[in-house]
Structures are given as C-alpha cells and as structure tokens.
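One structure is given here, and the rest of the page talks about it.
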Amino acid sequence: MAHTITTIGIVGAGQMGNGIAHVAAQNGFHATMLDVNPASLEKALATITKNMDRQVQKGSLTEAQKTEAMARLKTTTAMTDLAQCDLVIEAATENEGIKKKIFTELDAVLKPEALLASNTSSISITRLAAVTKRPDKFIGLHFMNPVPMMALVEVIKGLATTQETYERVMEVAQKMGKTMATSEDVPGFIVNRLLLPMLNEACYALQDGVADVKSIDTAMKLGAGHPMGPLTLADFIGLDTCVAIMRVLHNELGDSKYRPCPLLVKFVDAGWLGKKSGKGFYDYTDPTNPKPYR
Ligand code: NAD
C-alpha cells in the first residue's frame, strides 16, 4: 500500500494555483508553489495571507492556525525542489504545449510513486498523461474559482488512471474540505459542459431580441433560483474564456449546438471581456452599480 500523501507541489501560482496552495496548507499538507515568474509567487503569497486574514476576522480560522498554515507553504522557481512531493497539481496557463512540457519535466524529477494531477478546464487528461511514463498515476483535479470558497472539485479519470490513484486523490481532496464529483475525460467535464451552453444560450436570447440584459438576468435569478444572472456570470468568468470553452466543446464534440453565439464573439472582438476589462454585458465604471451596456 502506498504511503499517505503529505507533501503537495503546485505548478503555476496564478489565481487557481494560489487557491489550491491555500486549501492544501490550511488542511495540513506541506505545499510548495512553483512558477516561472517570481512576481507571481510573491503575489500568490500576498493573496493567501490576505485571504487567511479575512478568515481570521470572520472566525473560521484562528491566528495560530494561520501561522501554522503559512509555515507549511514554500515557493520556488526550480523544478528539482518538487522532487520529494507525493502529489503535484499543475495549475499553469491553459496551453497544451506549456502543460506537456511541465509534465515531461515533472515526470523526470519526481519519485516513481508520486502522483500527477492537472487543473485544466478543457484539455484532455488522457492526452496530457500520455507524455509521462506514469499515465496510471495521472488524474484531473478541477478546482472551482475562487478555490477557498467553492466546495466542488471535479475528479477526472484519464483512460489509463488506476482505481488506486483515483482513491488516493479523492482522499486528498476530502482532506482539503472539498466535495467531489467524478467525470469521464470529456470536453468541459460536468460543470462547463452544462453551464457554458446555458450562458451561450443567454447570449442568443439577447441577440434574438427575446429580452434585454437586465430582464434575462432577473428572469434566471428569480425564476430559476440562480445566485447570479447568466450575463453577469459570463462577465465574471470573462467573455474570452466563455468563447474559448464553447470552441473546445464545438470542435471536440462536433455538434452545432455548441457553436459560440456571434454576439458573444463580437463582444470579445471589441475587447469587451467582462468585469476584468471594465466592460462586457455590463459597464463596470462604477463597480458598485454595473449598468447594462445598452
Ligand atoms: P493564471 O493566468 O492566473 O495563472 C497561471 C500561472 O501559470 C501564472 O502565474 C504563470 O506565470 C504560470 N506559468 C505559466 N507557464 C508556467 C510554467 N511553464 N511553469 C510554471 N508556471 C507557469 O491562470 P489561472 O486562472 O490560475 O488558470 C490556471 C489553470 O487552471 C488553467 O489550466 C485553467 O484552465 C484552470 N482553471 C481556471 C479556472 C478559472 O476560473 N480561472 C477555473 C478552473 C480551472
């Protein structure tokens, strides 16, 4: 029987990587974040500190627990510093070439029994696993954004992933306080496969003149009990990200029902990417009172 996972490496210290490192360290794991960009590592540590301070203020973490968690966190730019990790979770930029290079390098430095996971939103786990000599020990762990707040982790088995690997990472995610949903290795997994076509359909409803921005969002909030209207949520995710995910679903599943809505593509062409660019279906000039774009 393989020994317990105690040390986790996280490759890519962006918005997802820092969140994964946060929940790992908070729940007793030793966590080392690796990034090619030292500024990302500094920013990640600052973000984790700020988010843990907020937890302390709210009373969900004690000052002593915060100090212990921060002491379990390390950062590095050298792959060899991850050599002793029992599990490495990759959360680098969503680019297949970058991810394949990272996994090839990890495979060479890690001990033979170490597990590999990817947080990819859209790239095939089976294809990423195939660049390593341990596809049986490779799995998808898809955390949701923001990681410390969102309860779900999608667990994705590649074609070669063994039951033992699956059970070991399920235990890790559980220790991180998460609830898991298991998906086959298909484009979009569960959440994006269901959510993105709904957001895309809201764009079609707007394009076809079914209703205006405010009415579409109000209808789904109050009529379907969604915490956020679909156009607000699309702005929050980023309209470029929404188009990218629709393109993956469309290209890989080959069904015309996944074609990105032309109005959504037009927003991206205009550079109106949603909240992050200050304008999307809403104008965020006054962030406390977003106004529909027209
Ligand atoms: P991000 O741009 O915030 O962070 C990516 C980080 O990866 C950056 O700090 C960058 O410097 C680093 N990086 C790039 N190349 C690297 C390399 N070769 N080695 C080490 N680090 C490298 O991106 P993000 O939003 O955190 O997304 C990361 C991953 O998580 C992607 O695969 C994305 O699809 C997935 N994801 C994102 C979300 C989301 O809502 N943002 C949700 C679920 C999953």
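Calculated on the alpha-carbon coordinates, the convex hull of region 84-183 measures out at 92 cubic angstrom per residue. Between residue 50 and residue 71, the contour length at 0.36 nm per residue exceeds the alpha carbon distance by 6.0 nm.
As a proxy for reagent exposure, ranking 76, 7, 67 by other Cβ atoms within 10 Å from fewest up yields 67, 76, 7. Hey, which lysines would be in cross-link range of residue 99, C-alpha to C-alpha under 23 Å, not counting anything within fewer than 8 residues on its own chain? List returned: 43, 74, 111, 133, 137, 157.
Given their separation in residues at 0.36 nm each and the Cα-Cα distance between them, residue 256 and residue 6 gain 85.5 nm when the chain is fully extended. Averaged across orientations, what area in nm² does the convex hull of the alpha carbons in region 192-292 project? Over all viewing directions, region 192-292 projects a mean Cα-hull area of 6.1 nm².
The antiparallel fraction among DSSP beta bridges confined to the chain stands at about 25%. One quarter of the convex hull surface built on the alpha carbon atoms of region 105-148 amounts to 3.6 nm², the projected area averaged over directions. Taking the Cα atoms only, what angle lies between the long axis of helix 96-109 and the longest principal axis of the chain, rounded to 10 degrees? Rounded to the nearest ten degrees, it is 10.
Enumerate by residue number the GluC sites (Glu not before Pro) in region 1-81 meeting two conditions: DSSP loop (anything except H, G, I, E, B), and at most 13 other Cβ atoms within 10 Å of the site's Cβ.
none
Segment residue 162..residue 104, full-extension length gain: 18.9 nm, with 0.36 nm per residue of separation and the alpha-carbon distance subtracted.
The shape of region 7-183 can be summarised by an equivalent ellipsoid whose semi-axes, obtained from the alpha carbon gyration tensor, come to 25, 18, 14 Å from longest to shortest.
Helix 213-224 and the longest principal axis of the C-alpha atoms of the chain enclose an angle of approximately 60°. If R0 is taken as 25 Å, the Cβ-Cβ distance between residue 191 and residue 211 corresponds to a FRET efficiency of 0.50.
Throughout, read-outs are computed from the coordinates displayed, never taken from laboratory work. As the structure is a computational prediction, the values presented were derived from the model and not from experiment. Backbone-built Cβ (ideal geometry, glycine too); neighbour counts: all protein chains shown.
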